[in-house]
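Colleague: One structure follows; several queries about it will come next.
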Amino acid sequence: MTTSNDGSGPIIPDFEKDAQSIAAYDEARIRYERREAGDAESRTRSSFTKKRDAIRAEIAVAASLLEERRLKAEKAFKGYANRYPHRVDRNKPMKPSIWESLVSLGNAGRMYNRAVTTAAEAIAAQSLRRRKEHDEEELEQQLKRALYLQEDAIKKKLEGAEGVAAFHSRPGVAVLHKRVEEIKIERARYAQRMEKGEVPSAEQRDREFTERRIAQLEAPFAGMTIVRVARYGNLSYFLLRDMERKLYHLAYDVRLEPLIENVIDVYRIADSFETKLSRGPDGRPLAVTDHYAANFKDEEVARSEYRRARTALRAPRTDIPPMAFIDPTEQQLVDQLAQFARTIGPGAMAAQLNNVPPVLDAVGKPGDASPETPPA
């Protein structure tokens, strides 16, 4: 989980590898929870499908019975209507008179009773079919409620001790879980050491640089601006960002403070490097706000990030001690940028606005414009 930068310095976690392990663990857990939820949903749907099939079978029987009774009712009504048309009011049979019953030897009453009875049976069959159809509709609502309640129940089950243990017992998961726990323990121990003030400055620096992929600033570069001054005990650095949102660090030097409000380029000419203000498409010096707008596509986010960074960068820094040791190559770049920072003043800005950028020689001293200087 951790690696050493040089074998003798602080042990710094491999944040990229740790992030991959955590992502793999989280992905495995998501797949497991989805599979468990999917299996439970399949079982529930299967159970409801059987109930639905049974209800639909009952609906089919009720529909068949309704059709049979409707035909009987229609036949009985037509027979009575044909024999006693004056005893039919619209579609409703009326009871025959006593005389009609006597003359027909009771057949009129029997025909009337048959018409009434079969009509009632048809209505009962229709009511039965409607009840079965309502049962099917209610079953669909029950399924929706069951799935909703089941989702919450599955979530609680998987988050419980038994569910977590079942997940961790799966092949391959135990190894991932062990690694993730090791990462959590290491982060917790580091936080405790930080709280107690036991973390060396170099370790603090190396952890952040490694975790955020902050590389050493080297020439040449383009579109670079200072976004933060980072302090780690007695170590202080400028954090810079280019137009591709990549971060870099450079040893803090108070002489570079004038660069904070500018975007700069360092480019190669023959065997030396030159420094100039970055320029936008219109040929004018690129504003820091434009740099933020290029890095953050959302306008509100860009403004918010700019305000936050400017507030921190404009705070007094009189208490920052000079760096005790700087790599010679880094020191050379710092000195070159410091020489250029001295040229950033009212006169220098006027020259920049008139498309006459100051030119620096290999050691960063102002010099005359050269034909080899690339156009701004």
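Colleague: List the residues whose amide H sits under 5 Å from the amide H of TYR252, counting only those 5 or more places along or on another chain, with H placed 1.01 Å from N in the peptide plane.
Modeller: SER236, TYR237, PHE238
Colleague: Taking the convex hull of the Cα atoms, report for segment 135-182 its projected area averaged over all directions, in nm².
Modeller: The orientation-averaged projected area of the Cα hull of segment 135-182 comes to 4.5 nm².
Colleague: Can you list the residues of segment 150-186 with backbone N under 13 Å from a point 7 Å past the Cα of THR44, pointing along Cα to Cβ?
Modeller: Only 150-157 fall inside the zone, counting backbone N under 13 Å.
Colleague: Can you list the HN-Hα couplings for segment 248-261, worked out from phi with the Karplus curve (6.51, -1.76, 1.60; θ = phi - 60°), rounded to whole Hz and with x for Gly and Pro?
Modeller: 9, 10, 8, 3, 5, 9, 4, 5, 8, 3, x, 6, 4, 8
Colleague: Grab the DSSP H runs of the chain that are 4 residues or longer, score each as -39,500 (n - 2.57), total them, divide by all residues and round the 222 nm result to the nearest 500 deg cm²/dmol.
Modeller: When only DSSP H runs of four or more count, the value is -20000 deg cm²/dmol.
Colleague: May I ask you to sort LEU239, LEU313 by Cβ crowding, counting other Cβ atoms within 10 Å and putting the fewest first?
Modeller: LEU313, LEU239
Colleague: Right, here's the next one. Between ILE185 and ARG34, how high is the FRET efficiency from 1/(1 + (r/R0)^6) when r is the Cβ-Cβ distance and R₀ = 45 Å? Nearest 0.05.
Modeller: Using R0 = 45 Å, I get an efficiency of 0.95.
Colleague: Now for a different question. Starting from the Cα of ARG308, step 7 Å along the direction of its Cβ; do the same at THR329; then give the gap between the two resulting points in nm.
Modeller: 3.3
Colleague: Taking the Cα atoms of the chain, report the difference between the largest and smallest coordinate on each principal axis, in whole Å and largest first.
Modeller: 138, 56, 37 Å, listed from the longest principal axis down.
Colleague: Moving to a separate point now. Please rank LYS184, LYS132, LYS297, fewest neighbouring Cβ atoms within 10 Å first, as an exposure proxy.
Modeller: Going from least to most buried by this count: LYS297, LYS184, LYS132.
Colleague: What is the antiparallel percent of DSSP beta bridges lying wholly in the chain, to the nearest 5?
Modeller: 95
Colleague: Could you check which residue among GLU121, GLU33, GLU244 shows the biggest mean-square fluctuation in a GNM of the chain with a 10 Å Cα cutoff?
Modeller: Ranking GLU121, GLU33, GLU244 by mean-square fluctuation puts GLU121 first.
Colleague: Now, a different point. To the nearest 20 debye, what charge dipole does segment 203-367 have about its Cα centre, counting +1 at the Cβ of each Lys and Arg and -1 at the Cβ of each Asp and Glu?
Modeller: Once rounded to the nearest 20, the dipole reads 420 debye.
Colleague: Now for a different question. For segment 111-265, just the Cα set please: Rg and Dmax, both in angstrom.
Modeller: Cα radius of gyration and Dmax of segment 111-265 are 35.4, 117 Å respectively.
Colleague: Still on this structure, I have one more. Each label point is 7 Å from the Cα along the Cα-to-Cβ direction; what then is the distance between the points at ARG90 and ARG245, in nm?
Modeller: Roughly 7.5 nm, to one decimal.
Colleague: Same structure, new question: Could you check the simple spin-label distance between LYS297 and SER169, using points 7 Å along Cα→Cβ, in nm with one decimal?
Modeller: So the two model labels end up 4.7 nm from each other.
Colleague: Compute the label zone of LEU147 within segment 24-38: residues whose backbone N is under 15 Å from the point 7 Å along Cα-to-Cβ.
Modeller: Under cut-off, by backbone N: 37-38.
Colleague: For every other residue with a beta carbon closer than 11 angstrom to the beta carbon of VAL334, add +1 if it is Lys or Arg and -1 if Asp or Glu, then tell me the sum.
Modeller: So the environment of VAL334 carries a net charge of -3.
Colleague: How big, on average over all directions, is the shadow cast by the Cα convex hull of segment 203-367, in nm²?
Modeller: 10.2
Colleague: Please report the base-10 log of the normalised intensity I(q)/I(0) for segment 26-137, using a Debye sum with one equal scatterer per alpha carbon and no solvent, at each q in 0.10, 0.18, 0.24 (1/Å).
Modeller: Taken in order of the listed q values, log10 I(q)/I(0) reads -0.51, -0.88, -1.15.
Colleague: State to the nearest 20 debye the size of the charge dipole of the chain about its Cα centre, where the only charges are +1 on K and R beta carbons and -1 on D and E beta carbons.
Modeller: Roughly 3580 debye, rounded to the nearest 20.
Colleague: Take ARG70, ARG187, ARG241 and order them by how many other Cβ atoms sit within 10 Å, fewest up front.
Modeller: By the 10 Å Cβ count, ascending: ARG187, ARG70, ARG241.
Every read-out reported here was derived from the displayed coordinates using simple, explicitly stated rules and does not represent laboratory data. None of these values were measured; they are calculated from a predicted model. Here Cβ is always computed from backbone atoms with ideal geometry, including for glycine, and neighbour counts include all displayed protein chains.
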